[in-house]
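A quick write-up on the structure given underneath.
The values are calculated or read from the model by the stated rules, or taken from the named source; none is laboratory data. Keep in mind that what you see is a predicted model, and the values were worked out from it rather than measured. Cβ sites come from the backbone with ideal geometry, for glycine too, and all protein chains shown count toward neighbours. Ligands, DNA and RNA are excluded from the accessible area calculation, which covers all protein heavy atoms including side chains. Shrake-Rupley method; radii C 1.70, N 1.55, O 1.52, S 1.80 Å.
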Amino acid sequence: MEWHTRIEGLFTILIVLQFFVVVLHDWIDIPGWTHGSQVQAVVGRRKLLAATAINALFPGTAAVFAVWFWNAAKPWYVTDYWVIYCVVTLISAVAMWYVPYLLGGSETQRDEYTRMYAKTRHVLPPRGDNPRPNLLHVCFHVLFVANLALVLLLRFGDS
């Protein structure tokens with residue numbers, strides 16, 4: 001079907017983009033958007049490198065599947081993996097960002113988020129001294145929602 005091909009193409013582009021932003025955003029400096037040097041100073045380069053390597057595996061697998069099985073029949077585990085990955089990623093983003101934003105975080109978390117994301121753009125209003133996602137992370141979260149919606153269409157759209 002034509003709609004299926006378009007959805008698959010869009011998902012492939014966006015899941016590859018998601019892989020790159022997940023892997024690179026803590027390593028680069030784009031003033032006002034991401035200050036990787038601040039994240040590295042708080043977390044430590046070695047610890048961040050290990051976390052990045054581990055975190056790259058899951059979106060990397062999703063992106064490789066998307067490219068490898070482009071416009072081809074997919075084994076059941078490919079679309080199931082995409083759904084699971086996208087759900088877990090979105091739940092993780094909510095737990096890391098919106099729970100502390102809405103309900104408050106620990107003193108350590110507030111301090112670390114403040115130092116890592118200082119001088120970046122924020123669009124959500126402050127809620128006391130709760131950590132809040134900066135604009136770049138909000139954009140990532142929109143990407144996560146889009147990928148989840150697309151993969152759900154791919155997985156269950158023909159049912």
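Side notes on the structure shown:
- Some residue of region 93-106 being more than 19 Å from GLN40 (Cβ to Cβ) and among the polar types (S, T, N, Q): yes
- Subset tally (residues that are modelled with pLDDT of 95 or more and open to solvent by 30 Å² or more (accessible area, probe 1.4 Å)) for region 1-20: 7
- Entirely in region 36-146, the helices (runs of 4 or more DSSP H) that have 2 or more residues that are touching a helix residue (DSSP H, G or I) at 6+ places or on another chain (Cβ under 7 Å) and open to solvent by 60 Å² or more (accessible area, probe 1.4 Å): 45-68, 107-116
- Pairing each residue of region 73-86 that is acidic (Asp, Glu) with any residue that is at pLDDT below 95, provided the two are 6+ apart or on different chains, yields C-beta distances under 9 Å for ASP80/ARG155.
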